[in-house]
Amino acid sequence: MQGRQSPGHDPRDRFSGDLLAAANGSGKQRAIPQRPPGMTRVEHPPKTPRVGRPQRQNKPPKSWRRRLLLLTVIFLACGLLAWGIGYALVNYFVAIGGSAGAANTASDFLLALKSQNYDQAYKDLDANITISLTGDAFKQMAQQDDHCFGPVTDFNEESGSAVVSVDNNTQSYTYDISRSKLAKTYKLTLTLQKDPNGNWDITHYGDDLGPTTPTCQ
């Protein structure tokens, strides 16, 4: 039985020595560098200050009071806008209705004169007129105009002649009146006023229903 090889003849020891000799290129082991005199021995590496990770800033919580105030302001603004539109529309339709009522009364009066229905025309007059002018007196005046100037054959409202008061309770219209015995038309202005019940009555029609006071016999 073969005995253990002596030191220095182990192949592993020879391999390690060859590696060390090859490392320094001289066949000798590299010497460990010495620390310069006076240099302080550092036992631990210097501490590197760590930079803190930036923190995410949380958004401030929304204020319910501010949101409620904003909603209240919006609601009030919408309410005021709706009220303003509604008020304007109501006044607009009231004005249209008032104008239509006054114009209808004026047209009814002239149609009654055209058809020589003097009693109906008298009903369109305001009480301020009828209190001093009887139905018979009005009929006699209208018949005298028809006799001298001829019956009313046509009437047309003059464009842009309508005049409305600020309170919309008084209106006036001017018409071009045609009569059978006249070569030209003449103008007749009717003024109307709304009574407490909302009805329109004629308060003024000029000095006479004809172009002038009739003088024929």
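The values are calculated or read from the model by the stated rules, or taken from the named source; none is laboratory data. These numbers were taken from a predicted model, which means no experiment stands behind them. Because the Cβ atoms are built from the backbone with ideal geometry, glycine has one as well, and the counts that use them run over all protein chains shown. These accessible areas exclude ligands, DNA and RNA; they are computed on the full protein's heavy atoms, side chains included. Shrake-Rupley method; radii C 1.70, N 1.55, O 1.52, S 1.80 Å.
Within the stretch 149-158, restricting attention to residues that are under 11 Å from residue 180 (Cβ atoms) and not small (Gly, Ala, Ser), which residue is surrounded by the most Cβ atoms within 10 Å (Cβ to Cβ)?
Filtering the stretch 149-158 for residues that are under 11 Å from residue 180 (Cβ atoms) and not small (Gly, Ala, Ser), the one surrounded by the most Cβ atoms within 10 Å (Cβ to Cβ) comes out as 152.
For residue 176, state whether it is surrounded by fewer than 19 Cβ atoms within 10 Å (Cβ to Cβ), touching a Ser or Thr at 6+ places or on another chain (Cβ under 9 Å), at pLDDT below 90 and among the charged types (D, E, K, R).
Judged against the criteria, residue 176 is not a match.
Is it fair to say residue 132 is open to solvent by 40 Å² or more (accessible area, probe 1.4 Å) and modelled with pLDDT under 95?
yes
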